[in-house]
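The values are calculated or read from the model by the stated rules, or taken from the named source; none is laboratory data. Predicted, not measured: the structure shown is a model, and the values here were computed from it. Here the Cβ is made from the backbone with ideal geometry for all residues, glycine too, and neighbour counts use every protein chain on show. Note: accessible area is taken over every heavy atom of the protein model, side chains too, but ligands, DNA and RNA are not part of it. Shrake-Rupley method; radii C 1.70, N 1.55, O 1.52, S 1.80 Å.
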Amino acid sequence: DSGVTQTPKHLITATGQRVTLRCSPRSGDLSVYWYQQSLDQGLQFLIQYYNGEERAKGNILERFSAQQFPDLHSELNLSSLELGDSALYFCASSRTSGGEVGEQFFGPGTRLTVL
Amino acid sequence: AQKITQTQPGMFVQEKEAVTLDCTYDTSDQSYGLFWYKQPSSGEMIFLIYQGSYDEQNATEGRYSLNFQKARKSANLVISASQLGDSAMYFCAMREGLGNFNKFYFGSGTKLNVKP
């Protein structure tokens, strides 16, 4: 158990809908990262938050947004969902922003299926 | 250009033997970090080992070691004395960026099968 929690574990929805994925980092970790893992594109870095502020953006679509709250949990919002958004979404946390510290700790992921 | 390249989509190794999983990276940053993660069939991502770009010694963690060749931009993972439980996908990753601004890149993964 990495200490990172993600809810829900599974999510099935229809095209055009909007969903929210939630992540709670390990106790004391200030950084949260979101990733998308799909079969054809591997693991893609989406976005990073550090202590409530956006720090880095990867391949995140405009239909997607995220935020980190004062209690450090984070939410990833996916809107106008398309079939291609079906994937495993991971959240990871680390103690700092990642500068000199090694690892990120991954949550178990949320499996999103868009029908 | 790909930031992280893993050229072995799949590999087989006999139990108790050593195996090397290849990873090359591309960056112009002076400060970066290299990671290996394991993803079993259950789906979770498990951190294995980390190497900082300024670390002169190769990182080791138990049966895992990272063969870091900076000039060649390679960061191969060596697993010694393979076990059946090592069968999984293995991802090489790189962190770029300075201070509080970081981006992470993952390779496409290598699926390792350990044969009894």
Of all residues in region B:59-100 being among the polar types (S, T, N, Q) and within 14 Å of chain A (Cβ to nearest Cβ), which is nearest to residue B:30 (Cα to Cα)? B:100
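Would you mind stating whether residue B:75 is within 20 Å of residue B:5 (Cβ to Cβ) and over 16 Å from the mean Cα position of the chain (by Cα)? Before you say what the answer is, go through the steps one by one.
Details: within 20 Å of residue B:5 (Cβ to Cβ): yes; over 16 Å from the mean Cα position of the chain (by Cα): no.
Here the answer is no, as residue B:75 does not meet what is asked.
For region B:37-55, what are the residues that are over 11 Å from residue B:88 (Cα atoms) and assigned to a loop (DSSP other than H, G, I, E, B)? Spell out how you get there, then give the answer.
Let us first name the residues in region B:37-55 that are over 11 Å from residue B:88 (Cα atoms), namely B:47-55.
Once the filter is applied, which keeps residues that are over 11 Å from residue B:88 (Cα atoms) and assigned to a loop (DSSP other than H, G, I, E, B), region B:37-55 yields B:53, B:54, B:55.
Among the residues of region A:75-101, what is the count of those that are in a loop (DSSP other than H, G, I, E, B), open to solvent by less than 10 Å² (accessible area, probe 1.4 Å) and at pLDDT below 95?
Of region A:75-101, the ones in a loop (DSSP other than H, G, I, E, B) are A:79-82, A:86, A:95-101.
If we keep only those that are open to solvent by less than 10 Å² (accessible area, probe 1.4 Å) too, we end up with A:81, A:97-98.
Filter again for at pLDDT below 95, leaving A:97-98.
The number of residues fulfilling the criteria is 2.
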Residues of region B:25-66 that turn out to be within 13 Å of the chain's Cα centre (by Cα), open to solvent by 60 Å² or more (accessible area, probe 1.4 Å) and polar (S, T, N, Q), as a count: 2
Check off (1) open to solvent by 50 Å² or more (accessible area, probe 1.4 Å); (2) in contact with a Lys or Arg (Cβ under 9 Å, 6 or more places away or on another chain); (3) of a type outside the set (A, V, I, L, M, F, W, C); (4) within 11 Å of another protein chain (Cβ to nearest Cβ) for residue A:109 and give me the number that stays unchecked. (1)
Hits in region A:27-62 (condition: open to solvent by 50 Å² or more (accessible area, probe 1.4 Å) and either of a type in the set (Val, Ile, Thr) or more than 12 Å from chain B (Cβ to nearest Cβ) (or both)): A:27, A:61, A:62
